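Report on one structure; see the data block that follows.
The values are calculated or read from the model by the stated rules, or taken from the named source; none is laboratory data. The structure presented is a predicted model; accordingly, all values stated were derived computationally and were not measured. Glycine gets a Cβ as well: all are built from the backbone with ideal geometry, and neighbour counts include every protein chain shown.
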Amino acid sequence: MNTFQERLNQIMPRITSDDFLKSKGLGNEIAFYIFDYPPERELDVREHIDFILDHLKKKRPELSIKHINLFQLIIGYLRERRLLDKALKIQREKGNLALLKALKAPLDPVKISKIFVKLAQPETTDLVIVSGVGSAWPLMRSRNLLNNLHPLMNSTPLVMFYPGVYTGYGLQLFGRLKESNYYRAFRLVP
């Protein structure tokens, strides 16, 4: 089994290959990839994402890359809709369950996926990188977002950095929560 650092080192060659960027060899499958990692390595992964984004500009300057932090997307959306202060007040006064109930409609995965696609611009983007999955939980569940993105991303490769375990059949956030079925993505590196 590869060490964590070895797995990180495999990301750049993988995502800069022409076959990867053109979604070759996938048959009719969508170009969604998951890089799962131990949640305690979150800060290392954030640093590595910054390295990747910086390095991509130098190695493949012709590529259009979008990095979407799911948590920041949600906060920005709530702020834009003037719901963030109300949400914080609900959480303070009534707790997390009341907050989740209050945000269920505004943060519906169908709505968020449409906002995501506006930011990602898959028709003109070569690669979309997604982070902030753990921070966005439980406001947004990555499986729900991915399912709603399937028909919207076309053949644009999407790489989700996932703090937990992806077996190829399911996602287990933080390596502790109940596994949710999801099998439409590929592991980015073993």
Report task. Check 82, 92 and return the single one that is at pLDDT 95 or above and in a helix (DSSP H, G or I). Result -> 92
Report task. Kindly establish whether residue 97 is assigned to a helix (DSSP H, G or I), farther than 20 Å from residue 150 by Cβ, in contact with a Lys or Arg (Cβ under 9 Å, 6 or more places away or on another chain) and among the hydrophobic types (A, V, I, L, M, F, W, C). Result -> no
Report task. Could you grab me the full set of residues in region 15-41 that are modelled with pLDDT of 95 or more, of a type in the set (D, E, K, R) and more than 19 Å from residue 183 (Cβ to Cβ)? Result -> 40, 41
Report task. For residues that are of a type in the set (A, V, I, L, M), surrounded by 23 or more Cβ atoms within 10 Å (Cβ to Cβ) and either in contact with a Ser or Thr (Cβ under 8 Å, 6 or more places away or on another chain) or over 12 Å from residue 130 (Cβ atoms) (or both), tally how many sit in region 149-172. Result -> 3
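Conditions (1) more than 21 Å from residue 120 (Cβ to Cβ); (2) under 21 Å from the mean Cα position of the chain (by Cα); (3) among the small types (Gly, Ala, Ser), marked per residue:
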{"position": "23", "(1), (2), (3)": "no, yes, yes"}
{"position": "39", "(1), (2), (3)": "yes, yes, no"}
{"position": "53", "(1), (2), (3)": "no, yes, no"}
{"position": "67", "(1), (2), (3)": "no, yes, no"}
{"position": "86", "(1), (2), (3)": "yes, no, no"}
{"position": "90", "(1), (2), (3)": "yes, no, no"}
{"position": "94", "(1), (2), (3)": "yes, no, no"}
{"position": "101", "(1), (2), (3)": "yes, no, no"}
{"position": "104", "(1), (2), (3)": "yes, yes, no"}
Query raised in the report: If we scan region 151-161, do we find a residue that is in contact with a strand residue (DSSP E or B) (Cβ under 9 Å, 6 or more places away or on another chain), modelled with pLDDT of 90 or more, aliphatic (A, V, I, L, M) and more than 12 Å from residue 35 (Cα to Cα)?
Result: yes
Report task. Considering (1) surrounded by fewer than 18 Cβ atoms within 10 Å (Cβ to Cβ); (2) in contact (Cβ under 8 Å) with a residue 24 or more places away in the chain, say which one residue 66 fails and leave the rest. Result -> (1)
Query raised in the report: Quick check: anything in region 153-169 within 13 Å of residue 117 (Cα to Cα), in a helix (DSSP H, G or I) and within 9 Å of the chain's Cα centre (by Cα)?
Result: no
Query raised in the report: Just for region 94-121: of the residues that are touching a strand residue (DSSP E or B) at 6+ places or on another chain (Cβ under 7 Å) and crowded, with 18+ Cβ neighbours inside 10 Å, which one is nearest to residue 55 (Cα to Cα)?
Result: 120
Query raised in the report: Only one of these conditions is not met by residue 173: (1) touching a residue at least 40 places away in the same chain (Cβ under 8 Å); (2) of a type outside the set (Val, Ile, Thr); (3) closer than 22 Å to residue 119 by Cβ. Which number is it?
Result: (3)
